[in-house]
Amino acid sequence: MSLLIHHIKELIFTQEKPKAFYAGSEMSKIPSLKNAFLYIEKDKIIDYGNMEKLPSAYTNASQQIDASNRLVFPSYCDSHTHLVYPSSRELEYVDKIKGLSYEEIAKRGGGILNSAKKMAETDEAKLFDDALERLEGIIRYGTGAVEIKSGYGLDTENELKMLRVIKRLQAHSPLTIKATFLGAHAVPQKYKSNPSGYVDIVINEMIPQVAAADLADFIDVFCDNGFFSVEDTDRILNAGMKYGLRAKIHANELAFSGGIEVGVKYNALSVDHLEYTGDKEIELLKNTETMPTILPGAAFFLNMPYAPVRKMLDAGLPIALASDYNPGSSPSGNMQLIQAMGSILYRMTPDEGIFATTINSAYAMGLSDTHGSITRGKKANVFLTKPMSGIEYMPYSYGDNKVETAILNGIIVH
Ligand code: NIG
Ligand code: FE
């Protein structure tokens, strides 16, 4: 199978030797090529260049697309989701509108615990079918790689169940999928008066079984007020590390929780949310391998303070953006909307928004060698836009789906 996309108005984020991620002022200009071609064989990008230099051999490609007036982007990489879940939670959302906070809802047995109760009653087949439908939805919006977390099981049986569903999704979906074990998402009701008893179960029962069945790439902890303490997080990440599970953690969403600090201590691949980030946290993150990841959907939906992204970028930090797709705090996996929020709510330029939703978010799930830019030898995950003037239109037109054609593994899937 070969595919030639020709007369591309602008091919976005061409990079011969891309870096693993881009930080600060490196994110100010996205490299691109006007009047370009992109040539794909099987599931790989083989070549790209200017139309005037199109090798004649490529015109024999078995499939050809005329991309006149259209831009071609590397597919979005969404490095933080909880998209395997039993059901939506719109009733809680109404409580939220009436003024209850995320923590108050959680205290009343709502929130994550509500999903955990339903998880125990839902079988693997239904979880799989519903999640596959959500994956099809995000493909239509331009996503090509996604991380999915467990964390609505909150007991060994149901955490393993969720991770098995993610494994089946990996085999069935054209998306590249990474799995994260998030046993420490909330303390179950049963352990309310003995949270460290639950942490013991996570460490002594869940982690060894998850690792033995090779069900996860990463380990996550919700390190925040009312959830897991820095000490709990430290213990869990330490245990995960022994099984080769690198950390990607929920940090500083509800308070200055110490989450960023413990994440950096364990060389986490990413620390995510970061609404509560001050000068101290910015200093801690400098010159580390930990990707600061912002989840604009959650801050927007929960009406939370916004992370100081402009300040972080100006201090030279990298930023990744992800959707946090989940039933409680961000019921959407639309990365075009996330990129637009990056611009509207966090003052990121269109160029910065592209770096943050492609290569940097690929890095945040260990995929930047193969995904996140138009590079020879990388996975042929790209999308064609509808006719448009230039990259600025992507965050500007925040309510529309601008993806016309999605190509994953070199195959047109939408
Ligand atoms: O990333 N912050 C913790 N966990 C999720 C929310 C999950 C839920 O409410 O179901 C988040 O926002
Ligand atoms: Fe999350």
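What follows is calculated from the coordinates using simple rules that are stated; it is not laboratory data. The structure displayed is predicted, hence computed values, not measured ones. Here the Cβ positions follow ideal geometry from the backbone for every residue, glycine too, while neighbour counts run over all protein chains shown.
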### Summary
Between the residues 250, 353, 263, the Cα farthest towards the positive end of the dipole of the chain, that dipole coming from +1 and -1 charges on the beta-carbon of Lys, Arg, Asp and Glu, is from 353
#### Entry: Size of electric dipole in the chain: Cβ of Lys, Arg +1 and of Asp, Glu -1, about Cα centre, debye, nearest 20
580
### Message
With 10 angstrom as the radius, rank 228, 128, 21 by how many other C-beta atoms surround their C-beta, starting from the fewest.
### Response
128, 21, 228
### Interchain or long-range residues, amide H under 5 Å from residue 78's placed H
144, 145, 146, 147
### Candidates 46, 177, 319: whichever shows maximal mean-square fluctuation once the chain is modelled as a Gaussian network with Cα springs under 10 Å
46
### Query
Hey, fewest Cβ within 10 Å first, where do 264, 221 land in order?
264, 221
### Task
Identify, among 327, 175, 81, the residue whose Cα sits farthest towards the positive end of the charge dipole of the range 77-363, taking +1 on the Cβ of Lys and Arg and -1 on the Cβ of Asp and Glu, with the dipole about the Cα centre.
327
### Task
Loop sites only, by DSSP: take the GluC sites (Glu not before Pro) in the chain that have at most 16 other C-beta atoms within 10 Å and name the longest stretch containing none of them.
122-288
### Message
For 9, 286, which order do you get if you count the other beta carbons within 10 Å of each Cβ and list the fewest first?
### Response
286, 9
### Query
Dipole size in debye (nearest 20) for the range 207-352 around its Cα centre, Lys and Arg Cβ +1, Asp and Glu Cβ -1?
100
### Task
Work out, in µm²/s and without decimals, the Stokes-Einstein translational diffusion coefficient of the range 75-189 at 37 °C, 0.692 mPa s, Rh from Kirkwood over C-alpha pairs.
223
### Query
Rounded, prolate or oblate: which one fits the range 77-363, using the alpha carbon gyration tensor with axes a ≥ b ≥ c (rounded when a/c is under 1.5, else prolate when a/b beats b/c, else oblate)?
rounded
### Query
So what are the radius of gyration and Dmax for the Cα set of the range 1-124, in Å?
23.4, 66
### Query
Do you know the relative contact order of the chain, to the nearest whole percent, from alpha carbon pairs under 8 angstrom that are 6+ apart?
22
### Query
What is the spin-label model distance, in nm, from residue 310 to residue 29 if the labels are put 7 Å beyond Cα along the C-beta direction?
2.3
### Query
Using r as the Cβ-Cβ distance of residue 120 and residue 401, and R0 as 35 Å, what FRET efficiency do you calculate, to the nearest 0.05?
0.50
### Query
So in the chain, what percent of DSSP beta bridges are antiparallel if you round to the nearest 5?
45
#### Entry: Mean separation of Cα contacts under 8 Å, 6 or more apart, over the residue count of the range 299-414: relative contact order %
22
